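**Q** Below is a structure I'd like to ask you about.
The values are calculated or read from the model by the stated rules, or taken from the named source; none is laboratory data. Just so it is clear, the structure is predicted and the values come from calculations on it, not from any experiment. Virtual Cβ from ideal backbone geometry, glycine too; neighbours counted across all protein chains shown. Note: accessible area is taken over every heavy atom of the protein model, side chains too, but ligands, DNA and RNA are not part of it. Shrake-Rupley method; radii C 1.70, N 1.55, O 1.52, S 1.80 Å.
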Amino acid sequence: MSPPPSSSGVADVAVSPEAIRWAADWRTQALKLLGAGRIQEALWPMARANAGGDPWAQATLGHIYALLGLPESAERHETAALNNLNHGDSGSAEQPESALACARAWAALREAELQPQQASWERAFECVQDAATTPSPLAVHLWLALARGLRDAGEMAQAGQALQAARTAQDQSGQEEADPVIPAEVWAAEWALTLLPTSGQSSVDTPFEVQGEPGPPASPSEPQPNQALLLPGSTLPGPDARALRALAALQHHGSIGALTELADALEAVERVSLRRTCAFALAERLSLLGAHRAALAAMHSCALFPRPTGPRDWACRGVLLRRQHHDCAALRDLDAALAAPHSLPTLLRVRICLHRADLLYRQNRVPEALDGLRDALPALVRLTAPQLLAPDLAELTILMQLAALEPDLSGWAEQAYQAVNQREPEETLTGWTLDTLGQATLRRGGQPIVLRWPETALLIAYLILQGEVTRTQAELDLFPDLPPKQTLALFRQALAELRTHLGPDAVRVGGPKRFPTYTLLVPVALDVQRPSAVAAAPGLFLPLLPHTGWVAERRTLHRLTDQHFIEQQSKKQANDQQFRGYD
């Protein structure tokens with residue numbers, strides 16, 4: 001019987017016995033480089049192992065091309081691997097069968113990345129679980145890739161379970177602690193980024209423990225046996241670990257130092273999905289700080305190779321342009337992103353719908369904005385990790401207040417607010433809130449706290465709404481009509497009383513000594529951030545402050561929403577009078 005024909009694009013070549021003998025060693029070296037995030041360096045030894053007939057290398061080579069952002073090459077090698085492994089003409093009878101399951105798992109993971117819907121992730125999970133039932137050197141990488149994909153899609157709970165399965169697979173593989181498949185710093189960074197959004201973990205430097213199992217071991221200080229697989233200077237973390245730690249620090253702190261660290265780490269990252277996450281996070285933070293041109297430049301730095309603009313690119317650029325008040329261009333980009341809804345994760349699709357509704361409201365297209373909210377708010381409530389959209393709802397306060405004035409949307413708006421701001425029972429009893437409409441009142445667990453200086457409540461509200469600020473800017477915004485010496489004294493006494501009640505570490509001081517910056521670290525909920533705040537507002541927003549600057553902008557936005565409320569009431573009264581005419 002003649003051998004089966006080779007797959008398209010793969011020619012049969014003579015392979016020397018020496019190459020076959022060393023194929024497993026090439027594959028082992030490539031997998032270690034892959035675990036450290038050095039994708040381009042892993043490509044060459046994996047290709048050598050593939051040429052030597054190693055079935056695991058055949059199953060994984062397409063995945064490496066996918067990590068580099070080369071979908072055509074990835075699809076070609078995945079098809080070739082599935083065809084070759086289906087024939088079972090390499091190695092023993094068990095190896096191709098297990099390698100074939102791994103190849104199917106890689107193909108399912110790539111399909112889920114392209115169409116990140118619930119059904120795609122369920123199929124990918126089944127394929128990975130099937131591939132991990134038999135001993136395989138790829139089990140750790142399969143579970144880790146599944147965890148990363150689920151995390152990017154906003155499925156934090158499932159991502160944590162997959163990450164735990166990956167750690168268990170490495171422990172069961174019998175790898176020596178001094179030479180693991182995935183470096184210790186990568187495990188610590190993966191845990192930090194996965195658990196931080198849902199658990200509020202404050203440290204990204206300590207090992208994590210999940211379900212009673214210890215976190216990744218500390219990195220050994222002595223040189224490791226295979227020094228060629230380490231970055232220059234074995235104590236330095238790899239590119240993936242640096243980027244993941246910088247992302248976690250940016251989510252927790254949001255300081256200028258975290259931005260700089262993330263920008264530096266982005267230059268060395270080779271995994272395209274992680275580059276995209278880092279670039280988009282960097283662009284979002286720069287946009288919030290007002291550096292709009294730098295934000296757009298950071299957004300376009302995610303691709304290693306030229307590629308067409310995708311729906312996620314349109315979505316990110318649309319949000320950035322909305323913050324620059326380029327409403328028509330932003331709406332065009334968001335519509336382009338929603339033109340391919342199946343290629344977007346559910347979390348991102350809900351986020352796009354919210355920002356699009358805000359753009360429609362800005363353009364006085366209120367009925368269309370309300371229709372967008374009718375689709376977005378129920379989907380937000382059904383998300384598994386809605387708290388990831390808390391910054392967006394805080395930014396879209398006026399839009400949520402508009403929803404609270406509609407009879408059919410008020411319940412959904414309140415549920416959405418509670419979903420993104422959900423707290424543990426002990427946090428609810430001891431949580432801080434600040435009333436800013438009417439008399440400013442600080443509360444803990446619902447009980448009012450007596451403040452000696454009224455400027456303290458103003459400073460808390462200012463730090464919450466403005467984020468990281470300099471002392472000079474805070475003095476100008478809070479006390480615009482007072483001389484410099486008096487403003488400095490008022491700022492210092494307000495800061496001292498803030499730390500007395502919220503804790504000595506409630507405010508982080510950064511920046512240079514002459515121009516320090518201040519950031520509030522303790523979460524304090526403002527009444528003005530609740531959707532129903534304007535409809536039931538007992539008074540003006542921070543009435544002690546003059547109607548200038550950021551206060552005037554906030555009050556103006558509230559008046560716009562109040563005007564819509566008055567129009568709704570007028571229409572209702574007109575309809576009631578019309579019906580009375582028929583009685």
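**Q** Can you compute the modelled spin-label distance between GLU122 and SER301, with each label point 7 Å from Cα toward Cβ, in nm?
**A** 4.1
**Q** Note down the relative contact order for region 434-534 as a percent, whole number, built from C-alpha pairs under 8 angstrom at least six residues apart.
**A** Answer for region 434-534 is 33 percent.
**Q** Determine the per residue accessible area of region 39-168 with all protein chains present and a 1.4 angstrom probe, expressed in square angstrom.
**A** So region 39-168 comes to 39 Å² accessible per residue, rounded to a whole number.
**Q** If each of THR309 and GLU41 carries a label point 7 Å out from its Cα toward its Cβ, how far apart are those two points in nm?
**A** So the label points at THR309 and GLU41 sit 3.6 nm apart.
**Q** Related question: Under the 0.36 nm per residue contour assumption, what length would be gained going from the current alpha-carbon distance of LEU540 and SER173 to full extension?
**A** 125.7 nm
**Q** Full extension from ARG514 to GLN129: what is 0.36 nm times the residue separation minus their Cα-Cα distance, to one decimal in nm?
**A** 132.9 nm
**Q** Can you give the accessible area of THR397 in Å² (nearest 10), computed on protein heavy atoms with a 1.4 Å probe?
**A** 10
**Q** How much length is gained if the chain between GLN363 and ASP481 is pulled fully straight, taking 0.36 nm per residue apart and subtracting their Cα-Cα distance, in nm to one decimal?
**A** 39.0 nm
**Q** Next question. At 1.4 Å probe radius, can you tell me the per residue accessible area of region 302-453 in Å²?
**A** Solvent-accessible surface per residue comes out at 46 Å².
**Q** Within region 254-352, what whole-number % of the accessible surface is contributed by carbon and sulfur, with the 1.4 Å probe and all protein chains included in the calculation?
**A** Taking all protein chains in place, region 254-352 shows 60 percent carbon and sulfur surface.
**Q** Ranked by accessible surface with a 1.4 Å probe, highest first, in what order do HIS63, HIS87, HIS342, HIS292 come?
**A** HIS342, HIS87, HIS292, HIS63
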